[in-house]
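Written out below as structure tokens is the structure these notes cover.
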Amino acid sequence: MNAAKTAFLLTLMTLLAIGVGDYFGGRNGMMLAFGLAAITNFISYFFSDKIALAMYQAKPVTREQLPRVYSVVERLTQKIGIPMPKIFVIPNDSPNAFATGRNPEHASVAVTQGILNLLNDDELEGVLAHELGHVKNRDILTSSIAATLAGAISMIARLAFWFGGSGDRDRRGGGLGALLMMILAPFVALLIQLWVSRTREYEADASGAQYTGNPQALARALEKLDAYSRRVPLMATPSTAHLFIIKPMMGMDFGSLFSTHPPIHKRIERLTGHTTRPL
């Protein structure tokens with residue numbers, strides 16, 4: 001299912017980029033958009049994981065350096081039948097974690113120092129099972145592609161607006177129409193990215209609870225992470241915020257409609273089956 005979602009997303013985002021290029025620049029704009037989309041597809045497939053890890057200064061750790069995490073991940077990967085991912089630690093006191101990579105054979109799991117200090121063993125197992133759920137479900141590539149192409153469409157819209165053919169633009173609604181297209185195209189790409197991000201978090205929560213058989217532990221972990229990360233925020237870029245298990249701070253808050261993550265209280269309700277008040 002996620003392989004089909006990835007193919008659909010690649011096609012949809014690429015067609016959207018080509019459409020934007022064609023609107024502003026005609027055939028030349030369309031070819032420029034297609035070329036940029038092809039480059040971003042290549043980068044997102046092979047290098048998005050390395051870019052994300054480097055962005056947060058994640059450092060690889062060995063079993064001897066972090067036996068607590070390695071023992072949990074080894075046990076879970078054997079249980080669910082995926083290869084052992086690479087383990088990284090982010091030197092940040094804000095509690096959070098993410099998984100990245102193009103497939104289970106090239107996956108990495110990164111945890112912050114803050115999450116290691118905050119959670120007990122059962123709660124940490126729930127978080128790691130959630131991240132391995134992303135790996136098993138093969139949605140880590142989908143989310144990386146969504147982020148990269150959403151950014152590419154914004155760039156294509158700006159380039160095409162400033163350098164595209166003015167004659168085509170005048171025939172298709174004038175300057176106002178061009179300005180609206182420059183705003184709406186990235187907005188549509190953002191909505192697609194948010195849709196992918198939200199659905200994958202619910203799926204990973206369900207997978208993590210299934211792998212551990214202890215949904216209550218993951219629910220407690222999410223509650224702790226949400227509360228503590230408000231006091232010690234992790235500043236993240238909009239293009240990578242959706243990777244984390246809980247929404248990091250980005251210096252802005254446009255409400256739940258544009259959040260990269262579902263509300264924590266709804267995720268806890270799905271895990272426990274009990275209605276909770278918003279956190």
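The values are calculated or read from the model by the stated rules, or taken from the named source; none is laboratory data. Owing to the predicted nature of the structure, the values given are computational and were not obtained by experimental measurement. Using ideal geometry, Cβ is built from the backbone for each residue, glycine included, and neighbour counts are taken over all protein chains shown. The area values use the complete protein model at the heavy-atom level, side chains included, leaving out ligands, DNA and RNA. Shrake-Rupley method; radii C 1.70, N 1.55, O 1.52, S 1.80 Å.
Of the candidates Ala206, Ala219, the single residue that is part of a helix (DSSP H, G or I), among the small types (Gly, Ala, Ser), within 21 Å of the chain's Cα centre (by Cα) and surrounded by fewer than 23 Cβ atoms within 10 Å (Cβ to Cβ) is Ala206.
Count of region 90-117 residues, restricted to those that are open to solvent by 10 Å² or more (accessible area, probe 1.4 Å), in contact with a helix residue (DSSP H, G or I) (Cβ under 9 Å, 6 or more places away or on another chain) and modelled with pLDDT of 95 or more, is 4. Among the residues making up region 1-19, those that are assigned to a helix (DSSP H, G or I), of a type outside the set (Ser, Thr, Tyr) and either surrounded by fewer than 14 Cβ atoms within 10 Å (Cβ to Cβ) or at pLDDT 70 or above (or both) are Ala3, Ala4, Ala7, Phe8, Leu12, Leu15, Leu16, Ala17, Ile18, Gly19. Within region 75-89, restricting attention to residues that are under 11 Å from Lys59 (Cβ atoms) and of a type in the set (A, V, I, L, M), the residue that is least open to solvent (accessible area, probe 1.4 Å) is Ile87. Tallying residues that are open to solvent by 40 Å² or more (accessible area, probe 1.4 Å), in a loop (DSSP other than H, G, I, E, B), modelled with pLDDT of 85 or more and touching a strand residue (DSSP E or B) at 6+ places or on another chain (Cβ under 8 Å) within region 223-263 yields 1. Contact annotation: residue pairs with Cβ atoms under 6 Å, 6 or more positions apart or on different chains, pairing a residue in region 81-101 that is touching a residue at least 12 places away in the same chain (Cβ under 8 Å) with a partner that is acidic (Asp, Glu), are Pro83/Glu105; Ala97/Glu131; Ala99/Glu131; Thr100/Asp49; Gly101/Asp49.
Within region 226-248, being farther than 17 Å from His265 by Cα and out of contact with any Phe, Trp or Tyr (no Cβ under 6 Å at 6 or more places or on another chain) holds for Arg231, Val232, Pro233, Leu234, Met235, Ala236, Thr237, Pro238, Ser239, Thr240, Ala241, His242. Close contacts from region 57-78, counting a first residue that is in a helix (DSSP H, G or I) and a second that is hydroxyl-bearing (Ser, Thr, Tyr), with Cβ to Cβ under 7 Å and a gap of 6+ residues or different chains, come to Leu76/Tyr211. From the residues in region 37-74 that are among the charged types (D, E, K, R) and surrounded by fewer than 15 Cβ atoms within 10 Å (Cβ to Cβ), which one is nearest to the chain's Cα centre (by Cα)? Result: Lys50.
Screening Asn120 against (1) closer than 19 Å to Arg63 by Cβ; (2) open to solvent by 10 Å² or more (accessible area, probe 1.4 Å) leaves a single unmet condition, (1).
Can you say whether Gly126 is over 22 Å from Arg230 (Cα atoms) and either modelled with pLDDT under 95 or buried (at least 16 other Cβ atoms within 10 Å of the Cβ) (or both), as far as the supplied structure shows? Answer is no for this residue.
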